[in-house]
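Participant: Supplied in structure tokens, the structure appears directly below.
The numbers here are math on the coordinates, done by the rules we state, and not lab data. Note that this is a predicted model, so its numbers are computed, not measured. No Cβ is skipped: glycine too gets one built from the backbone with ideal geometry, and neighbour counts run over all protein chains shown.
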Amino acid sequence: YGCVKLHILRQNLCDLGFPPVVASNLINLYTDRKLFIRTWMGKLIGPRMVYEGLPQGSINSPLLFNIYTLDMFQIFEDDIKVVQYADDFVIYSSHKNENIVKEKLEKAIKEIKNWMLNTGLILCPEKSSVVFFSSKRTYNSGNILLDDSQFKVVKNVKYLGLILNYNLNWSSHISDLISKCEKSLNI
């Protein structure tokens, strides 16, 4: 949320039909904010001026971030799908041929990077991962190069509390749930 460019958000609001005066008043709530931080010892530090971004924990921030990123969904071809929850995105494609999927993802990553460059957002490959879901029993580890960025190929990925493994058999998720239950019961 912290990288949101408020002038772009204002334009997106207007593009959605918000009257310019309403969009401007809404953006003014987030412009030139004073930020205070209380340390663990109770000391108040600040004010620090914040000129961009949406505040974490604000009731409006998720909706405004969705509006900010709305046009990203229009840059992809039909065979690339995107799922968004807050500021987490899943980009996926399917095909029987793994090389075709890699080509599709490479193109999608390139399009995302270009879009992010124009909106002030950053794609962090070190916070991203790739899973090749397959009914085959093989697991390809290592890294994959997508648009000059290394993405780690992983066996499992956690998204919205679910652990999805490469062969979609739920064993990793169930094992994690059992482990959490045993810890809470002191077993």
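Participant: Starting from the Cα of CYS3, move 7 Å in the Cα-to-Cβ direction to define the label point; list residues of segment 23-64 whose amide nitrogen is under 16 Å from there.
Facilitator: 52-56
Participant: Something else about it: Please give the FRET efficiency for LYS183 paired with TYR159, using the beta carbon to beta carbon distance and R0 = 25 Å, rounded to the nearest 0.05.
Facilitator: 0.70
Participant: Work out the FRET efficiency for LEU70 and LEU145 from their Cβ-Cβ distance, taking R0 = 41 Å, and round it to the nearest 0.05.
Facilitator: Given R0 = 41 Å and the Cβ-Cβ separation, E is 0.90.
Participant: Okay, moving on. Can you order the peptides 44-53, 105-114 by their average number of other Cβ atoms within 10 Å per residue, highest first? Display every interim value, and only then the final one.
Facilitator: Working: 44-53: 11.4, 105-114: 17.5.
Going by the mean number of other Cβ atoms within 10 Å, highest first, we get 105-114, 44-53.
Participant: Can you pull the semi-axes for segment 1-57, root of five times each eigenvalue of the Cα gyration tensor, sorted largest first, whole Å?
Facilitator: 29, 10, 8
Participant: Could you give the length gained by full extension between TRP170 and TYR92, i.e. 0.36 nm per residue of separation minus their alpha carbon distance, to one decimal place?
Facilitator: Net length gain for the segment: 26.2 nm.
Participant: Let me ask something else. Under a Cβ-only charge scheme (Lys and Arg +1, Asp and Glu -1), can you give me the dipole magnitude of the chain about the Cα centre, in debye to the nearest 20?
Facilitator: That gives a dipole near 680 debye.
Participant: What shape does the chain take by its C-alpha gyration tensor, where a ≥ b ≥ c are the square roots of the eigenvalues and a/c under 1.5 counts as rounded, a/b above b/c as prolate, and the rest as oblate? Present the calculation step by step, with values, prior to reporting the outcome.
Facilitator: Details: a/c = 2.37, a/b = 1.37, b/c = 1.73.
Here the chain falls in the oblate category.
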